[in-house]
1. Using amide H atoms built in the peptide plane, which far-off residues or other-chain residues are under 5 Å from C:Asp299 H to H?
2. ³J(HN,Hα) across the stretch C:594-600 via Karplus (A = 6.51, B = -1.76, C = 1.60, θ = phi - 60°), whole Hz, x for Gly/Pro?
3. What is the dipole size for the stretch C:585-627, taken about its Cα centre, with +1 at each Lys and Arg Cβ and -1 at each Asp and Glu Cβ, in debye to the nearest 20?
4. Starting from the amide H of C:Arg195, placed 1.01 Å from N in the peptide plane, find each other amide H under 5 Å away whose residue is 5 or more places distant or on another chain.
5. Taking the Cβ-Cβ separation of C:Leu586 and C:Leu167 as r and a Förster radius of 22 Å, what is the calculated FRET efficiency to the nearest 0.05?
6. Counting only other residues whose beta carbon sits under 15 Å from that of A:Leu155, what net charge do I get with K and R as +1, D and E as -1?
7. Run the count for chain C, please: Lys pairs, Cα-Cα under 18 angstrom, 8 or more apart or on different chains.
8. Could you please rank C:Met377, A:Met94, C:Met363, placing first whichever residue has the fewest other Cβ atoms within 10 Å of its Cβ?
Amino acid sequence: MITTSTLTTLAATGPGFLSPTGVEIAFLLVGLVTLGAAVVTVTTKQLVHAALWLVVALGGLAVEYLLLTAEFIAWVQVLIYVGSVVVLLLFGLMLTKAPIGRSPDADSGNRPVALAVAVAAAAALVWVVVDAFRTTWIDLDGPVQGATKVTGEILFQHWVLPFEALSVLLLAALVGAIVLSRKNKAAAEAEALTTTAPKKPTTGPKKEQR
Amino acid sequence: MHLAYPAVLAALLFCVGLYGVLARRNAILVLMSVELMLNAVNLNLVAFDVWLRDALHAGQALTLFTIAVAAAEIGIGLAIVLMVHRNRGTSDVDKLRDTAEAAADDDPTDADEDAAPDSPAPKAAEAAA
Amino acid sequence: MTTTTLAVLVPLLPFLGAVAGLLLGRTAPGFVRPLAILPTVAALALAITVAVHQGGGKSIDAATRLTPTGSVPIDLALHIDGFAALVAVLVTVVATCVQVYSTAYLRDDPRYASYAALVSLFTSAMLVVVYSGDLMVLLVGWEIMGICSYFLVGHYWETPEARAASLKAFLVTKLGDVPFLFGLFALAADAGTFRITGILEAVATGGLDHPTLIALLLVAGVAGKSAQFPLHTWLPDAMAGPTPVSALIHAATMVAAGVYFVARLLPVFAASAAAMTVLAVMAAVTMVGSALAALAQDDIKRVLAYSTIGQLGYMTGALAVGDRGAAVFHLLSHGAFKALLFLGAGVIIHAAGTNSLAAMSRMGDLPKRIPDAYWTMTIALLALAAIPPFAGFFSKEAVLVAAEHTALGDSATSPSGAGWIVLIAGLLTALLTAAYATRLWLLAFRGRGPAAPDHGKQPLAMSAVLWVLAVPSLALGLAVGQLAGWFDVTSLTPSVTTAVLGTGVALVGGIMTYASWRALRYKAGTNIPLGAVAAHPDADPATSEEEAIATHQAAYGDIASAPDPGDPGRLLLGPLHRHAATGFHLDALYAALFVRPVKGAAELVRFLDREVVDTYVRAAGTLPRWLGIAVRRAQTGNVQTYLAALLAGSVVLAIAAVLVAAVGA
């Protein structure tokens, strides 16, 4: 824990936990809401509700980004996650004929193990993180670090190449999604011969979303 | 602001997502849990970037990349889930047991059908998730 | 060509004949007979030439060293003295006779080609033993004879008797060969050379450090090869082989090799009085025991086999009293008349269709069917019984004279006790020999009953050979004056005392047997029908013999004896007959002492292997399989379980790492 001790000495000047600032209180409250929404997301028996609670959790996270002065990330979060990913997930739920209402078998038999692993991981992570950053203080004063201007500058000055590479990745993902969603021609013919009611409209909306 | 707040929140979110990945039966819910885990990572990246006042803002740039990659991932993942659902009639993760030792013998019956070229895909997707 | 070249060609020609016979046997059957006979005949001519060149004078020595072979060099060496020259002539004469005889005897045999080749190889190996001047080269011939005897005794391998006999012959002789090999090494280590001349020099200068040990080790090998007590048991069983092979083994090659070897290295044995006494006792036990056993045998060939053992006992006795001239003289004459006896027995077995003396004694007119065999066998049996003036008389008298000299203390080489043992045993055996020779003759040729089946005239190749061999049986004794010059002894002529004694006991034995035979003949109930004859009387002689051997046990209840109340041997031996018929239970004793423990040990090893060792082997297979089954249960196919296990492991590792770091800090 050498890093811990150095970090502690570096940021030993910050105030204690018992006298929180306004930002901290806001962060804490929004964090609690986010966490609660996340927990409901992974425990609810109603599948569509899970997607909606996910919106709450992701939105809460966007607020947290704002509180951390990373405004561009926050808006991107709202746009992509809340706007498209959740919609995509909802489409997926609908297309897979997910049951509306409570479904008793939403959780698999793996649940106790999952709980044990998650709790153990949480305990370990929280312990380590708290032990390491107990006294570390983030100075949020000064220029806004995540302003759109700043982000645009560093993104198109220093991170241009990875950014362009990312576009190739997205293209590949697009092509991959199309290939996966298309029906195999021979299989489709075989299916048309055997069943009179083929399930056609599966791919269209997804492509538009991408 | 104490760094401990975002760090602990990220850790807890991550573990909630972890629980979801391991405990949920529906593949789409598993994907949602994966999104939670990715967002926990993003929160960490942003918080540490702000704390360290990095000149290049590597944390924020990486967060953007992660979001983009997550978007791609969710697209591919959903495509796979849909395909599995179409072929198998189910999107329950624990019913996709083609790699099971005992069941390996009676699988070729449906592998001969239209699932044949795609059958490895769902497993790969679940492993990646 | 020099004499050395001729001598090298003598063993080489039959060897080449054997190789050619084996190679061409299948593709060119027409060449097999010439390839069998011509090299042997050529070897005979060359051996005679070598003998004439050598002339009983100074020994011919020649050696070439192919390559250095370590501390004690091995040379391709020749050492031809009078003994070697004469024994080589005997070997080639008998081998030629056997080859000629076999062409008729096995004329329809499908395996004749390999048989003839093996006989040639056998001859070649014996000639190597005879001419070799180097003990290692001698050993090569010695061992080749062992393996050839295995193959030839097992020629009728369809019958279980032949298989058992060939295996027994091989194993028992091998049992003697192991100490023999040790003896050779010890001898070479002491003398510093494998050359016979060098060893004899070393002995003369007292260079041997362990003469008794070496001599006793060598005696073990000699006992195995020359069928001396207690390793003689293979020889009677080896009668399961074809008759010509028996003639070859008994007369000239295999059994003679042991005696000849001792004769060559007699000074080595003479250096140890203990070894000479052991030889004498061995010879005495062998000759008396085998003569008694011969008197009780029913199979004509087994009678001859035990007689061979007894005559070899005479030779060993002569060596034990330090007279190798007498030993080799008896070897020569015995080789002639024993080859004749065996080949004649082959004719009898073919004509009578049985090998049982009991069955022959119930068969009339046998002498009229086979007059050649009748007359030559009579000559040979007289020679065997040592009746003057036949060859056997002179050679046996030479042995007895030597024993008498030693007994009276005239010998410098061996203790007088050995002389007395050999002399008394020799006289007793002379009586018994005459008895069983007479019994054989009476039962085979003086039978009464239905006439023997007529197979027509016996083949010329078989009859002619008998007469060829009858000549030395009849006349070799007359050459006794010349022969002494070939050997390093002053005289081989019989003395009056032993001649009278020996002939006297022989006549007593013969007359006693005749009297008991006469007495039994006119007694009621002694001529009950008995016996069986071959199923294919008109097939070639070998087939008759094979069938006779295979049916003997079934027809008479025993391989060796028959329940014949008209047998004079039964009357003469009295209660001893039962024991003598089985060779004094020596086979049973060996079975109890060696065979059964070995079989038990084999069972134990088998048990240990199957039940103990295999358990570990099986466990080594089963345990991983159980482990695999256990691990396989984890492969449910449920990806979430896998992932849960993976992450649980990661968490555990991470916590461990943190804890270690915390403790370290």
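1. C:Leu357
2. Residue by residue, the stretch C:594-600 yields 10, 5, 5, x, 5, 5, x Hz.
3. Charge dipole, the stretch C:585-627, about its Cα centre: 140 debye, nearest 20.
4. C:Leu135
5. With a Förster radius of 22 Å, E is 0.80.
6. Counting the neighbours of A:Leu155, the net charge comes to -4.
7. Pairs that pass both the separation and distance tests number 8.
8. In order of increasing Cβ crowding within 10 Å: A:Met94, C:Met363, C:Met377.
A short reminder: the numbers here are calculations on the coordinates, not readings from a lab. Quick caveat, the model's predicted, so the values are computed rather than measured. Ideal geometry is used to build each Cβ from the backbone, glycine not excepted, and the neighbour counts take in all protein chains shown.
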